[in-house]
Amino acid sequence: MPEISIILAGFADAFTWVNLLFVMLGVAAGQMVGAIPGIGPIMAMAIAIPFTFALDPLVAISFLVGVNKGGLFGGAIPAILINTPGTPDAAATTLDGHPLAKAGKPVKATRMALFASVTGDTVSDIVLITLAAPLAGLSLQMGPVEILALMIFAFSIISGLIGDSLIKGLIAAVAGLLLATVGLDPEHGTPRFYFGYFELYDGASLVAVAIGMLAVAEIFRRIAAARRAGPQPAISLGNDDPAAQRVSWAEYWGCRFAIARGAAIGTLLGAIPGIGSTAAAFMSYSATKKTGTGGGPEFGQGNLRGIAATESANSAVMGANLIPLLGIGIPGSIGAALLISAFKIHGIQPGPLLFQTQARLIYGLFGAMLMANLMNLLIGQVSLRLWARVIRAPESVIFPAALLFCFVGVYLSTGGLFGVGLMLVSACVGYVMMAFGYPVIVFIIAFFLGAGFERALSQSLVILDGNPLAVVQHPVALALLILAAVTVIWLSRGRG
Amino acid sequence: MKFKTILAALTATAISAGAAVADWAPSGPIKLWIGFGAGGETDTLGRLIAKDMSEATGWDIVVENKPGGGGIAMFTQLATVPPDGQTLGMGVTMPVLVNLTVRPDQIPFDLDSFDYLNTVALAQLGIIAKADAPFDDLESFIAYSKEKGGALMAFDAKPQELLMNVINGQSDAGVKLLSTKSSAEALQQVLGGHVDAAFNAGAHIPYLDSGEVKMIASANASRHSYATDVATVPEQGYDIYVDPWFYIAAPAGLPEDAKEALSGAISAALASDATKEAIMNSMHTEPSMAGPEETKQMLVDGLANVGTLFGK
Amino acid sequence: MGQKSINRLSGVAVALFGAAMLLWIIPAHTETVSYGWVKPDTLPKACAWALAGLGLIQALLPKGEVALDGGEFVIVAVAAVLSAGAIWALGKIGFLVAAPVFAALLIAVIRERRIGWIAATIIGAPALIWVVVDLLLGRPLP
């Protein structure tokens, strides 16, 4: 722990007008791009990094942190309002967020998402600020065998999301895993299933597949519904009575366990790289679903706890991703990797000496993160009203426009029309799966985890010399495997 | 704008020593394609160069990411656009050379499909181990591996695996190789004690300073600027190395004046203090600007070297 | 077609896909390597076997809900075909021409008649995207 005077000086650096301005700009930009399907905070940060070169290091990094945090909440806005997640992290938010919006409380649903997001984020930031060093040591202890066990544990949460048919759920999971094997194989680097398209060498793009299956398929369905219903008035926002759109303290307090659980799951999975925020959100949702509705509507029909659980978890991941970054210089996610490159451009080398050589800057960054959380809350209140107003346009406007945004977003983030084509194919597959009753969400999670799973499997077998039973020499891994088995049993209890 | 262009041309001439005064100018925005996704080293480098080039020359330079197969997707597309100097591509030699060696019939281009403009930098690749490991160089590492019945070593690209296979073949070291996604992940495995050694391209440098990691060898043909006392793999008795160069190319058939103007502008950008500093900061290596001829030669030699790695 | 036979049908399709992977696609699109625990075709083969097996079970013991809706399916298919055309057109004639036409066709599918909203969609949305992406962010559109 550095001298208290350095800590205070760092915080003082953060709380300047210039810094405040850039954090605000970052948060506003992040919320905007997060809300547009396909363009997420990652894309926005990548565009912004060269421009930050001219800025003071702390200002530059504060701005990028603002973009990242704003984007976390931004993705939830279209997920709730029109059932199409703006970023893959927000996929789980559609489950209860959109039903509540349809029930006439869109502003209430987005508000709950905002409060949960900011709470989860703040909790994980505080953990980061106070415990970064010991927790970073924890992530070093996680070798390939432990990561493989953690992945298997993550897969086990899928059993909580499988719908009424076990076989169909398993088929969706296996198919997702199969899609993840497209591209170079992790052990030998040989290309697989690329059919002459070199864009597939690195695997099917996560963004293209997720936006296609979750957003575009839904847009197609809504276009069909709009045609059948005939010319529609504007999307109903329910009653305009402000009281109905408010999230009362009692309601927020009623979600405290869901939020705390989400923050804990998110912080832990953020500190240990490899699982990602999308899966964390689903894990949190799955766990909260099991603990009861708390007197609200059923899960999947607009339960506030469902929204709170997912949003606090995915936001907490992002804060905690900085634990391995600042503690040991290892990025826990693409967003964290982008922050590393911003650090490096400014001549700051993340790593073991960072707290000794750059303590003042790090505490400045912490100050900026807390400031960004506050800004997220304030600006979020404005932008959720703004978006709720935008979608008052009739569906015949919203959905064609949203489809164009998906096209452009995926075009930009995958670097070409091939990604857009992949998005369209994914949308069609997603639609057919849904029509035949196969759970798309399960497919997506298996796909997200798949590439890392195969690599961890390959690494683990090298370490274990091909003998799976040698896992008994890795107690952490063994414990996680047992936990996975318990989770499967716990989550599938009560399904016929 | 005109004045700026002339000024840039002058600077370029001054720096690339002897390049003709370029009266070539692009007829619209120049696209600089990056063969990797946003946020990687190539992307950061490319954007810095583009920013500096357009400031110096007044040209409008647009950076686009075209990820896929370590640059194969981008170069495949680059080979098909007209050679008018309006489209350039930046990549790393290794993935391209490996694919041209292993599966030439599947790759729709070869070295002659491009005109080479300039090198950007050489990635410095080291072999590292934890500071308290009971070995300090390749020889003692090999002895350790034999004694242990196969030490574990992490790598993150095919040529590194091949280099180690050659050493395994010549010494019966029996080192077991673990494929990781990135230098950072390989470093994490070393620090966490999950592997005995690893290849690393820069992420390890702060740990050298803090004394948690030591370097066993440089895997390049030359020693590293930050660790001149560590011998290279060839110096330690194995005639093999890996030299991944960042470089910029254009479709083949580029007019001579365009080639000179572009190459000169890239050299000028690399020589600017800001870019130099950023390259030093992010990659711990000096920028290099070899010019068209030497860049081409470097790729030809590189292809032969990769052939050796694969035993072809 | 009843729910049961639709479920049976999808099971057969999954099983056939698994079989096709095993017989043709995996051998043709993976390379053979001589060493290592996890070979390029190890995980794909395991998945394909699982799909073939699970598909057969689904075909024999059809279970689960389906949400197949013929009318919706036709309109979704039309929208998908239009989107495929739009991707082709984006590559050929560029965003500024293709995007408004695409938006106009989608509006026609929905049968919107109010001229103000039509204008907002086919002119407003592409123009907004173009200004933000091309001008403000400096990222070229096709």
Let me understand segment B:95-149 better: what is its radius of gyration from the alpha carbons, and its Dmax, in angstrom? 19.2, 50
Top to bottom by accessible area (1.4 Å), largest first, where do A:LEU354, A:LEU25 land? A:LEU25, A:LEU354
Descending semi-axes in Å of chain B, equivalent ellipsoid built from Cα gyration tensor: 38, 20, 16
Rounded to the nearest Å, the spacing of the alpha-carbon centers of segment A:414-454 and segment B:198-274 is 39
Could you tell me, in Å, what Rg and Dmax come out for the Cα atoms of segment B:126-236? 12.4, 34
If every Lys and Arg gets +1 and every Asp and Glu gets -1 at its Cβ, then about the Cα centre segment B:126-236 yields a dipole, in debye to the nearest 20, of 280
Test item: A:209-221 mean partner chain Cβ contacts at 10 Å: 2
Distance from segment C:83-141 to segment A:371-389 (C-alpha centre basis), Å: 28
Could you sort the residues of segment A:45-75 by number and keep only those whose accessible area is reduced by 20 Å² or more in the all-protein-chain setting relative to the chain alone, 1.4 Å probe? A:ALA46, A:ILE47, A:PRO50, A:PHE53
For chain C, size of Cβ-based charge dipole, Lys and Arg +1, Asp and Glu -1, in debye: 160
Per-residue accessible area, 1.4 Å probe, largest first, puts A:ARG385, C:ARG113 in the order C:ARG113, A:ARG385
May I ask which residue of A:ALA103, A:THR190, B:ALA143 lies farthest towards the positive end of the charge dipole of the protein assembly as shown, with charges of +1 (Lys, Arg) and -1 (Asp, Glu) on Cβ and the Cα centre as origin? A:ALA103
Place +1 on the Cβ of every Lys and Arg and -1 on the Cβ of every Asp and Glu in chain A, take the dipole about the Cα centre, and give the residue among A:ILE49, A:ALA229, A:LEU131 whose Cα lies farthest towards its positive end. A:ALA229
Taking 0.36 nm per residue of separation and subtracting the Cα-Cα distance, what length does fully extending A:SER248 through A:LEU138 add? 35.8 nm
Using the basic label-point model (7 angstrom from Cα toward the beta carbon), what is the A:VAL390 to A:LEU378 distance in nanometres? 2.2
Length-normalised contact order of segment B:147-286, Cα under 8 Å, at least 6 apart, in percent, tallies to 18
Under 1.5 on a/c is rounded, so check that first for segment C:70-136, then, if it is not, pick prolate when a/b is larger than b/c and oblate when it is not; a ≥ b ≥ c are the square roots of the alpha carbon gyration tensor eigenvalues. oblate
Identify all aspartates and glutamates with a Cα-Cα distance to A:LYS108 below 15 Å; exclude those on the same chain that are fewer than 8 residues away in sequence. A:ASP96, A:ASP240, A:ASP241, A:GLU251, A:GLU311
Selection from C:ALA46, B:GLN160, A:PHE443 lying farthest towards where the dipole of the protein assembly as shown points positive, charges on Cβ: A:PHE443
Convex hull of Cα atoms in segment C:3-60, direction-averaged projection (nm²): 4.0
In segment C:28-73, what is the volume of the convex hull around the alpha carbon atoms, normalised per residue and reported in Å³? 139
On a 1.4 Å probe surface of the protein chains, which of B:SER218, B:SER27 comes out largest in accessible area, and what is the full order? B:SER27, B:SER218
Using a 1.4 angstrom probe and counting only protein chains, how large is the accessible area of A:CYS406 in Å², to 10? 0
May I ask you to list the residues of segment A:124-168 whose amide nitrogen lies under 20 Å from a point 7 Å from Cα along the Cα→beta-carbon direction of A:ALA485? A:145-160
Three-way shape label, chain A, alpha-carbon gyration tensor, a/c 1.5: rounded
For segment B:126-236, the percent of accessible surface on carbon and sulfur atoms (probe 1.4 angstrom, ligands and nucleic acids excluded) is 46
Once you sort the root eigenvalues of the Cα gyration tensor of segment A:357-444 as a ≥ b ≥ c, which label holds: rounded (a/c under 1.5), prolate (a/b larger than b/c) or oblate (the other case)? prolate
Return the inverse of the average 1/r over all pairs of distinct C-alpha atoms in the protein assembly as shown, which is the Kirkwood hydrodynamic radius, in Å to one decimal. 28.8
Between segment C:32-68 and segment A:60-117, how many Å separate their Cα centres? 35
Place a +1 charge on the Cβ of each Lys and Arg in segment B:263-312 and a -1 charge on the Cβ of each Asp and Glu, then give the dipole magnitude about the Cα centre in debye, rounded to the nearest 20. 220
Looking only at the protein assembly as shown, where both bridge partners belong to it, what percent of the DSSP beta bridges are antiparallel (to the nearest 5)? 60
Per residue, how much accessible surface does the protein assembly as shown expose to a 1.4 Å probe? Answer in Å², no decimals. 37
Using a Förster distance of 41 Å, how high is the FRET efficiency between C:VAL33 and B:GLU55, based on the Cβ-Cβ distance and rounded to 0.05? 0.30
Share of carbon and sulfur in the accessible heavy-atom surface of chain A [1.4 Å probe, %]: 70
Charge tally for neighbours of B:GLN236 with beta carbon under 10 Å away, counting Lys, Arg as +1 and Asp, Glu as -1, is -3
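The values are calculated or read from the model by the stated rules, or taken from the named source; none is laboratory data. These numbers were taken from a predicted model, which means no experiment stands behind them. Positions of Cβ are generated from backbone atoms using ideal geometry, with glycine treated the same way; all protein chains shown enter the neighbour counts. For accessibility, only protein heavy atoms count, side chains too; no ligands or nucleic acids. Shrake-Rupley method; radii C 1.70, N 1.55, O 1.52, S 1.80 Å.
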